[in-house]
Amino acid sequence: MDQLFILENDQGGVAVGYPAPEALQIRTLFEVAQKGTPKGKPFWIIDESYVVGDHTFFSAWELDLEALGEPSGYGIAE
């Protein structure tokens, strides 16, 4: 099953990180997520199947922090 990472964007919506296959050949998904997330901001690694295929209302998506639980990690990007 493919995985990706998600985080809350600055507008309170959801940012979804789909790492390039080439990036995953030299780094783990965790490392890609760390480097792709602003410093100190939490991210969650999830199965791609949890993301709704219909992106019609993408701008209205919100993170359910209670359901997500503890973050997978925190960003290190400057």
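Quick note: the coordinates plus some simple rules give every number you see, no bench work behind them. The structure presented is a predicted model; accordingly, all values stated were derived computationally and were not measured. When we count neighbours, we look across all protein chains shown, and the Cβ atoms used for this are built from the backbone with ideal geometry, even at glycine.
Table for the structure above
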{"read-out": "Long-range neighbours under 9 Å by Cβ, at least six apart or interchain, first residue under 19 Å from Val51 (Cα atoms) within segment 11-39, second basic (Lys, Arg) and surrounded by 12 or more Cβ atoms within 10 Å (Cβ to Cβ)", "value": "Pro19/Arg27"}
{"read-out": "Of residues in segment 42-74 being closer than 17 Å to Gln11 by Cβ and within 11 Å of the chain's Cα centre (by Cα), the one surrounded by the most Cβ atoms within 10 Å (Cβ to Cβ)", "value": "Phe43"}
{"read-out": "Helices (runs of 4 or more DSSP H) lying entirely in the chain (those with 2 or more residues that are touching a Pro at 6+ places or on another chain (Cβ under 7 Å))", "value": "29-36"}
